[in-house]
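The values are calculated or read from the model by the stated rules, or taken from the named source; none is laboratory data. Note that this is a predicted model, so its numbers are computed, not measured. No Cβ is skipped: glycine too gets one built from the backbone with ideal geometry, and neighbour counts run over all protein chains shown.
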Amino acid sequence: MATTTGLSAVYQALRAAPPYALPEAIRDALQTQEVELLLADYAQVAMRPVLTLAEPGVLGVRIDNGEAGRAFASQQSRWEKDEGRLHLPVTADGDRLGVLCLGLEEEPDASHLADLEEAALALGHALRGADRVTDRYQRARRLSRLTLAAEMQWGLLPGTGHRGDGYRLAGQLEPAYAVYGDNFDWACDADTVVISVTNGMGEGMRAALLSTLAVTALRNARRSGADLEEQAGLADEAVYAQYGGREHVSTLLLRFDVKSGELAAVDAGSPKMLRLRGTEVEPIELDQQLPLGMFGNTRYQEQHVTLQRGDRIMVVSDGVAASRSSAGSDFGESMLESVVRSTRLQPADEAVRTMIRGMLAFREGMDVFDDAVVVCLDWTA
């Protein structure tokens, strides 16, 4: 079992291990009876083992069942007394990756538990870096093969969660293994967070290529120091230059000031944005401007919304609100607001999962005609 002095051995083992051998490195450093690393699949339905790699299509451990799933969902360690197993959340900067499961002779005391949690955290950061140079963990996460369009979209993402000083972010794409045009992006500085949510028109590779161009153009402008209006304008020019107005991208650009609570927005034909304050859900109505790429010389203007501590902003694409049930009814505004309200006691990442599950339960048995994206921003107290 890891001790405070043993933590240095864990860090050293993770630093020395090849990127593809991190689970073996922490297994050997911890010297416990049993070690397994479970990684969440792309749809965040199940977690799949890495050390004893499951065959493609094998579900693994359901996130909604059992102590390992509870550890992932709650981001708190769980002791499974009957099995003598400890489940530790594995995260990186607030991005939930999976769970480290350890077989132990007895429940660890508070000091040992803190050391083991620190070891799991170190593993999470190491896994984040390892994904740049090995496919092992990407393969382990897959319940089925991603479409080529989905591969492109997931490769663009900054992650599915982030925790900063005073805020939390989370996002999810659906259908996870066959998404095509929806995407999200974010970047943080000391006092600000910039977020984009995009929806490229069309289907399949056509939509994926369009969204990839738009997201890359927005990043290029943002990293050059452009403000929101300039980012939108430069991305508009880039998409128009490539497609000549034949294709366009609906986009919402946000810049959140973590100190003041001011939310600046450019609504370029964007997804819906709702604010949850206490138990009240209110759509945030913005003046819609032209989607990116329609004319190539569009001038965009920021609008401003002031948040209060504890507010939650939920952004959902039309693939959520336009979902239809087998009875032929639409998900609609009232259902959307009801599901948002039901997330009020959940952290941002679980709130996003609840939104996606609510949509999937509503349209169960129906074909998917549009993909969906959900992004959550919390200004924490």
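Listing for the model above:
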{"quantity": "Residue in region 74-89 that is modelled with pLDDT of 95 or more and assigned to a helix (DSSP H, G or I) present", "calculated": "yes"}
{"quantity": "Matching residues, region 219-233, being of a type in the set (Asp, Glu) and touching a strand residue (DSSP E or B) at 6+ places or on another chain (Cβ under 9 Å)", "calculated": "Asp227, Glu229"}
{"quantity": "Residue count for region 165-179, restricted to those that are at pLDDT 95 or above and small (Gly, Ala, Ser)", "calculated": "3"}
{"quantity": "Count - residues of region 119-129 that are in contact with a Leu (Cβ under 8 Å, 6 or more places away or on another chain) and more than 13 Å from His87 (Cα to Cα)", "calculated": "6"}
{"quantity": "Restricting region 44-59 to residues that are assigned to a loop (DSSP other than H, G, I, E, B) and under 19 Å from Glu174 (Cβ atoms), the residue that is modelled with the lowest pLDDT", "calculated": "Leu59"}
{"quantity": "Every pair of residues 6+ apart whose Cβ atoms lie under 9 Å, when the first sits in region 271-290 and is on the phi > 0 side of the Ramachandran plot and modelled with pLDDT of 95 or more while the second is surrounded by 13 or more Cβ atoms within 10 Å (Cβ to Cβ) and charged (D, E, K, R)", "calculated": "Gly278/Arg344"}
{"quantity": "Pairs with Cβ under 6 Å, 6+ apart, first in region 137-161 and in the same structural domain as Gln346 (by TED's automatic domain parsing) and on the phi > 0 side of the Ramachandran plot, second aliphatic (A, V, I, L, M) and surrounded by fewer than 16 Cβ atoms within 10 Å (Cβ to Cβ)", "calculated": "none"}
